[in-house]
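First up is the structure itself, then whatever we jot down about it.
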Amino acid sequence: MAEKTIVPFGEPILRKVAKPVVDFNDRLAKLVDDMVDTLYAVEGRAGLAAPQIGILKRVVVMDCGDGLIELINPEILESHGEQIGPEACLSLPGYSGIVKRSNYVKVKSNTRTGESFILEAEDYLARCIQHEIDHLDGILYVDRIEGTSFFHDRSKRKANLLEVLRLTNRNL
């Protein structure tokens, strides 16, 4: 197990769609273990998707306060309700924005050994799941920010969202 470097905002890999995991083997277990080590090494973390450490696989690890959750090939089956609140990202430390998400999600996923399971989540956990699955689809939370509500966390000053989006090579 090893802590990995988190890919910074602006790197093209964060805009690519991750590939499904087909081999549930020791290499996958090592990837998940490395992601867990990386997640827990960062203060203020909630989740980490494999593309954030440079691996284009559909793997997520999360701990939103109630313990570790591992999602392999997660797929949202159902969502409803609405919540609006702040989000941040390990690939863009020091910034946050207000994002609208579903308040409830039902997710089909696999364990690291390939067993299928269903996870239902509400509130903050639902927000985290949606944020991390977006990473697997090349979508970043800044793409979903309400208006121009994007802030530098320490100074609380508003940042220029258009300039940030230009860093991600989007066609703006």
Tabulated pairs, region 98-115, first under 14 Å from LEU77 (Cβ atoms) and without any contact (Cβ under 8 Å) to a residue 60 or more places away in the chain, second in a strand (DSSP E or B) and among the polar types (S, T, N, Q), C-beta under 7 angstrom, 6+ apart or interchain = SER102/SER79; TYR104/SER79; VAL105/SER79; LYS108/SER116; SER109/ASN73
Kindly establish whether ILE72 is modelled with pLDDT of 95 or more and open to solvent by 20 Å² or more (accessible area, probe 1.4 Å).
-> no
Right, THR5: in a loop (DSSP other than H, G, I, E, B) and either touching a Cys at 6+ places or on another chain (Cβ under 6 Å) or more than 21 Å from LEU140 (Cα to Cα) (or both) or not?
-> no
Within region 80-89, tally of residues that are modelled with pLDDT of 95 or more and open to solvent by less than 60 Å² (accessible area, probe 1.4 Å) = 2
For GLY65, which of the numbered conditions (1) farther than 21 Å from VAL17 by Cα; (2) in contact with a strand residue (DSSP E or B) (Cβ under 8 Å, 6 or more places away or on another chain); (3) surrounded by fewer than 21 Cβ atoms within 10 Å (Cβ to Cβ); (4) not charged (D, E, K, R) fails to hold?
-> (2)
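Looking only at strands (runs of 3 or more DSSP E) that fall completely inside region 15-103, which ones have 3 or more residues that are out of contact with any Pro (no Cβ under 7 Å at 6 or more places or on another chain) and not β-branched (Val, Ile, Thr)? Can you show your working first?
Details: elements: 47-49, 59-62, 69-80, 83-87, 95-101.
Strands (runs of 3 or more DSSP E) meeting the threshold: 47-49, 69-80, 83-87, 95-101.
Quick grid of which residues meet (1) surrounded by fewer than 20 Cβ atoms within 10 Å (Cβ to Cβ); (2) under 20 Å from GLN130 (Cα atoms); (3) out of contact with any helix residue (DSSP H, G or I) (no Cβ under 8 Å at 6 or more places or on another chain); (4) not polar (S, T, N, Q):
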site: GLU11; (1), (2), (3), (4): yes, no, yes, yes
site: PRO20; (1), (2), (3), (4): yes, yes, yes, yes
site: ASN25; (1), (2), (3), (4): yes, no, yes, no
site: ASP37; (1), (2), (3), (4): yes, no, yes, yes
site: ARG45; (1), (2), (3), (4): yes, yes, no, yes
site: ALA50; (1), (2), (3), (4): no, yes, no, yes
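The values are calculated or read from the model by the stated rules, or taken from the named source; none is laboratory data. Not measured: the values here are computed from a predicted model. No Cβ is skipped: glycine too gets one built from the backbone with ideal geometry, and neighbour counts run over all protein chains shown. Ligands, DNA and RNA are excluded from the accessible area calculation, which covers all protein heavy atoms including side chains. Shrake-Rupley method; radii C 1.70, N 1.55, O 1.52, S 1.80 Å.
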